[in-house]
Amino acid sequence: MSSLLTTLGMSSSALGVNQTAISVVSNNIANMNTEGYSKQKVNLGALFLDIPIGNNVASQAKTNAGVEVISIERYTTTFIGSYYRDQLSEQSYLNKEQQAITNIANMFDELKGQGLDTAIEDFYAALDNLNQYPSDMSARINFLDAAQTLTNSMNKTASNLNDLKELSVGDGVSYESLKNSEIYTSIQAINQNLEKLANINSMITRSQTGTLENNSLLDQRDQVLNELSQYANFKTTIQDNGTVTLSLNGTKLVGGTNVLAKFNVQTAQQYDEYCQMNGIVNTNESNAVIMLEKTNGPTLQNINDRMDTGLVGAILNTSSTQEGVNVNTVLNDLDTLAQTIANVFNELQTREGAFYLDNAGGTIQLSNANLEDYEIFTTSDGSANITASNISINSLLLEDGGYNKIATAYFPDYDPLNPDSVDLNAVGNADNIIAMINTKTDNTSAAFDSIGNISLSDYYSGILGKITSATTAKTNAATSQNAVVSSLDTKTKEQTGVDLNEELTDLVKFQTAYSASSRVFTTCNTLLETLVNLGL
Amino acid sequence: MIGRVSSSAINSTLVGHIQNNYLDFAKLTEQLSTGKKINSILDDTLQSVNIINSNRQLGKIDIWSANIGSLTNEIKQSSETIELVMEKGQRAKDLATSAANGTSNKDNLISTLTELDNIIKSVVDMANTSYNGNYIYGGTNTKTQPYSIQYGIDADGNPTDEIIGIKYNGTAIDGDWKRQLEIADGVFETCNVTGMAAFGECDVEPVYQADGVTPVLDADGNPTYTENSNSGIMGDLIDFRNALSDTIKKLEEQENLPENATQAEKDAIGAEIKACYDSINGLLDGFDDSITQMTTVNSKFGTVTNKLEMSTEALSTSKLNLEEYISGIQDLDITEAISQWYTSQTAYQASMQTATSIMSMSLLNYM
């Protein structure tokens, strides 16, 4: 026979257990909207006494000793873990790539009036008009205007592309510009998360000294790992004591309670100076160079090659010189286009037999020996190489009366030694302009070699086609990866998230148990009182 | 844990559905308000490139059509001018025919000369016609009048009003300077014929002594001239004028013969006058040749005009086709879009309605 006091003890343990259970329910409800929080569940166990009972029923009854909380367990799912983090990493990589190509595509949205197509076509339309009225001042000025619009559009597009690049990885020279770039912000965020992870590791070490787990810390740990995986696909190893070792390609970043290595980023110029000082061959092509500063050991100066996943990988890719469609390759294509335009038209403008008007707009003079003064396209910054950023109209042509320097006439039989081989009155001769118009269809000249002997429009269409097909491909990849992650997310939330109905049911369940236990307690109390009063 | 559902999972799924429906709805609304299926290259990257290429082609067709219009007008004007010159040439030939039969008296011939001078002046004016600020018969020398009348000088070297030549100032004395406009990719059509090819010239200069001012005089004390060139209707007109004025001079000499002139002298002058009539008669074939030359040039204009008409037709057909093609790709089927719009509106509303009712539902309502 078990004593009344034992029963009283049993009910009191039940009161305590249910109270704990209600507090867990309360914590679940409180955190039902906390990102990364996993539902916790109270595991109850029956208390018993380990005594010999033999054939004695009373002893058997004595083995019952009430209820206890064995553990508070958090719901986990197989979807949390390295597989999920791989997918997260891939998702942020693909989304960043898609965002980058979409930004470029928007700059070339011909259907919204962006891009160079109209400028190229207007340039040829102005040439056509000049062919009709070669000695007409307004046709000449109109042609120069169209040419200027073309160079301005190229400058504008190139500058927009460069801005995009600077936004991703800085301009490669100024540290200020690097500090405002996405790569810098990302590296800072990674470092903060590394600190956080080391901190969580040390708390876990302090807190989990036995077999029980600190559920909230583990939730936080998973959350930080998820966050980190978006920046790059780090390798994580969970130790037996619950701490995490984080490494990148074999280099430990966080181990135990310490951050073992931190990231930093330097400009291309800084890296170049480092290389020169140490006699290293600089093969870096990016504007930003990521470094890994080990706490105990030498700093790795350039780990761009290793950072090929996650957001950081995608940011580095948007401006890499490798094959693919990104800011750099599009800029290179535009530079080629600018060079070709300049070569084609400058060559015709200054070729032997090409003649322009004198300043009175009357007769035609011989081209001067200093041919550069008569080129249509030149650079705005004085450099020898024409690029999309610096292509501009020769300022001598934009001066007062400079429009007369456009060589409209062409005499194929021109002989410098024989003045009679040209007719100096042929102001209506537009054969040089006709040759320029013909560059729409005749692309055999050496000036077209750089773009594969196709027309300027076709080459530009090629650039557009590359951009649009890359946009389609990257959008598709990002969309399907988003679907993968979102389905994993939903599954995770379904399995580990807090469900209000479940909690309310638990609440009612434990409340009822609590009320019942307190009734048992009162009953026992009354019985004890009765017993105490027996002797009176 | 089989079939477990959590509030946060339901909530995020519901939000996702609402967003998808809203996106569809917004997309259709944009399409309906612009009337176009493809508003940005991001909408349909492949078809966008087709639209851009077709728009480019349309831009070219517009330019070519404008060029064809310009060509047609200039050629029409050139053709009308050449027909007028042919009429004048025919008239000059008629004058020559009647002058050559020897029945006209001196006064008749003098009035013929006056009419011929007027014909020469108006032919030169016609050959100097300009279109759009360009002299059409000047080759590529479009800013200088292609023809100028040359006048004679007297014994002292002072200019007189006697027409001695018609000089061509345009390009292409030897060569065929064309002005061309593009009418298709890389295809250029010529819009002009040089005055030299159509009308020729007769460039005559007085001969001066070494000082360049004093004329060299012939036996009769008249200034002498050199003829640098002579071709086409211009040459014929000057030849006719020279022959006519020679004839008039001889008739004057005949009139001024003294009373006592010998029969031999009378016969001599008669023979000279006869020779003059013969030389006028000899010019008639030249007139025919020059008119044929102009007819040939004019028929060339006709051929080009026909070709241009054909090109215009071809261009307007391909313009129509291209516009239809672009419209097929880009334009919205309004009926279909509106019904889709209503469907998506309903879906959007339904998703919001179910979301609110599901999210507000929990055991809490029954406790």
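The values are calculated or read from the model by the stated rules, or taken from the named source; none is laboratory data. Keep in mind it's a predicted model, so treat the numbers as computed, not measured. Neighbour counts are summed over all protein chains in view; Cβ atoms, including those assigned to glycine, are modelled from backbone coordinates with ideal geometry. Ligands, DNA and RNA are stripped out before the accessible areas are found, and what is left, the full protein with its side chains, is counted by its heavy atoms. Shrake-Rupley method; radii C 1.70, N 1.55, O 1.52, S 1.80 Å.
I want to check the label-to-label distance for B:Lys106 and B:Lys27. Put each point 7 Å from Cα in the C-beta direction and report it in nm to one decimal.
Each label point is offset 7 Å from its Cα along the Cβ direction, giving 10.2 nm.
Which residue, chosen from B:Ala197, B:Thr171, B:Gly133, occupies the Cα position most advanced towards the positive end of the dipole of the range B:56-320, where the dipole is computed from +1 (Lys, Arg) and -1 (Asp, Glu) charges on Cβ about the Cα centre?
B:Gly133
Can you tell which of A:Gln349, A:Gly210, A:Asn28 lies farthest toward the positive end of the dipole of chain A, using +1 and -1 charges on the Cβ of basic and acidic side chains (Lys, Arg; Asp, Glu)?
Sorting the options by dipole projection puts first A:Gly210.
Taking the Cα centre of the range A:181-318 as origin, work out the dipole magnitude from +1 charges on Lys and Arg Cβ and -1 charges on Asp and Glu Cβ, in debye rounded to 20.
About 360 debye.
Could you check how much of the accessible area of the protein assembly as shown is carbon and sulfur, as a whole percent, using a 1.4 Å probe?
51 percent
Return the subset of A:Lys440/B:Lys307; A:Lys262/A:Lys491; A:Lys179/A:Lys491 for which the Cα-Cα distance in this structure is over 28 Å, preserving the input order.
Violating the 28 Å limit, Cα to Cα: A:Lys262/A:Lys491; A:Lys179/A:Lys491.
Given all pairs of different Cα atoms, what value in angstroms does the Kirkwood hydrodynamic radius of the range B:279-357 take?
This gives a value of 19.4 Å.
With viscosity set to 1.567 mPa s and temperature to 4 °C, compute the Stokes-Einstein D of the protein assembly as shown, Rh being the Kirkwood radius across alpha carbon pairs; µm²/s, no decimals.
The estimated diffusion coefficient comes to 35 µm²/s.
Given a Förster distance of 30 angstrom, what is the FRET efficiency for B:Ile358 paired with B:Lys37, based on the Cβ-Cβ distance and rounded to 0.05?
0.30
With just the Cα atoms defining each centre, how far is the range B:277-316 from the range A:412-456? Give it in Å.
Comparing the Cα centres of the range B:277-316 and the range A:412-456, I get a distance of 31 Å.
With axes computed from alpha carbons, what is the tilt in degrees of helix B:263-330 against the longest principal axis of chain B, rounded to the nearest 10 within 0 to 90?
0 degrees
Take the cross-link list A:Lys112/A:Lys474; A:Lys165/A:Lys196; A:Lys165/B:Lys27 and give me the ones stretching past 27 Å between alpha-carbons.
Beyond 27 Å: A:Lys165/A:Lys196; A:Lys165/B:Lys27.
Using a simple charge model, +1 on the beta-carbon of Lys and Arg, -1 on the beta-carbon of Asp and Glu, nothing else, what dipole does chain A show about its Cα centre, in debye to the nearest 20?
Dipole of chain A, to the nearest 20 debye: 3940 debye.
With viscosity set to 1.002 mPa s and temperature to 20 °C, compute the Stokes-Einstein D of the range B:229-367, Rh being the Kirkwood radius across alpha carbon pairs; µm²/s, no decimals.
Answer, rounded: 86 µm²/s.
Quote to one decimal, in nm, the extra length available between B:Asp125 and B:Ala350 on full extension: 0.36 nm per residue of separation minus the C-alpha distance between them.
Full extension of this stretch gives 72.7 nm more.
More than 29 Å apart: what percent of Cα pairs in the range B:56-320 qualify?
44 percent
Report, to the nearest 10°, how far helix B:232-255 tilts away from the longest principal axis of the Cα atoms in chain B, using its own Cα long axis and a range of 0 to 90°.
Tilt relative to chain B: about 20 degrees.
To the nearest 20 debye, what is the magnitude of the charge dipole of the range A:393-470 about its Cα centre, counting +1 on the Cβ of each Lys and Arg and -1 on the Cβ of each Asp and Glu?
So the dipole magnitude of the range A:393-470 works out to roughly 500 debye.
Mean separation of Cα pairs under 8 Å and 6+ residues apart, divided by the residue count of the range A:181-318: what relative contact order is that in percent?
25 percent
For A:Thr299 and B:Tyr342, what does the FRET efficiency come to when R0 = 56 Å and r is the distance between their Cβ atoms, rounded to the nearest 0.05?
Computed FRET efficiency for A:Thr299 and B:Tyr342 comes out at 0.30.
For B:Thr144, what charge total do you get from the other residues with a beta carbon under 13 Å from its beta carbon, if Lys and Arg give +1 and Asp and Glu give -1?
+1
Output the direction-averaged projected area (hull surface divided by four) of the convex hull of the alpha-carbon atoms of the range A:181-318, in nm².
Projected over every direction and averaged, the Cα hull of the range A:181-318 covers 8.4 nm².
For the range A:8-71 and the range B:107-170, write down the distance between their C-alpha centroids in whole Å.
126 Å
Between A:Asn191 and A:Ile70, how high is the FRET efficiency from 1/(1 + (r/R0)^6) when r is the Cβ-Cβ distance and R₀ = 45 Å? Nearest 0.05.
Efficiency for this residue pair is about 0.65.
How much of the pair distance distribution for the range B:123-199 lies past 21 Å, counting alpha-carbon pairs only, in percent?
Roughly 39 percent, once rounded to a whole number.
Give me the extension gain from B:Val213 to B:Glu272: residue separation times 0.36 nm, minus the current Cα-Cα distance, reported in nm with one decimal.
17.9 nm
What is the local net charge at A:Pro416, summed over the other residues whose Cβ is closer than 14 Å to its Cβ (Lys, Arg +1; Asp, Glu -1)?
Net charge around A:Pro416: -3.
What is chain B's relative contact order, in percent, from Cα pairs under 8 angstrom and six or more apart in sequence?
Relative contact order, chain B: 23 percent.
So which helices of chain A fit the span-like rule, where a helix is a whole DSSP H run, its Cα atoms reach 18 Å or more along the axis, and its mean Kyte-Doolittle is at least 0.0?
Helices meeting the criterion: A:4-30, A:327-349, A:500-534.
Would any residue of the range A:474-504 have its amide N under 18 Å from a label point 7 Å out along Cα→Cβ of B:Val15? List them or say none.
A:482-500
Determine the gain in length on full extension of the stretch A:Asn332-A:Asp381; use 0.36 nm per residue of separation and subtract their C-alpha separation, reporting nm with one decimal.
So the extension gain works out to 15.8 nm.
How far apart, in nm, are two points set 7 Å out from the Cα along the Cα-to-Cβ line at A:Asn43 and at A:Thr530?
4.0 nm
Chains B and A: buried accessible surface, both sides, probe 1.4 Å, rounded to 100 Å²?
Chains B and A together bury roughly 4200 Å² of accessible area.
If you project the alpha carbons of the range A:246-326 onto their three principal axes, what span does each projection cover, largest first, in Å?
41, 32, 17
Would you be so kind as to identify which of A:Gly310, A:Asn287, A:Pro298 lies farthest towards the positive end of the dipole of the range A:181-318, taking Lys and Arg as +1 and Asp and Glu as -1 on Cβ and the Cα centre as origin?
Result: A:Pro298, furthest along the dipole toward the positive end.
Report the Stokes-Einstein translational diffusion coefficient (µm² s⁻¹, integer) for chain A, Rh taken as the Kirkwood radius over Cα pairs, at 25 °C with viscosity 0.890 mPa s.
82 µm²/s
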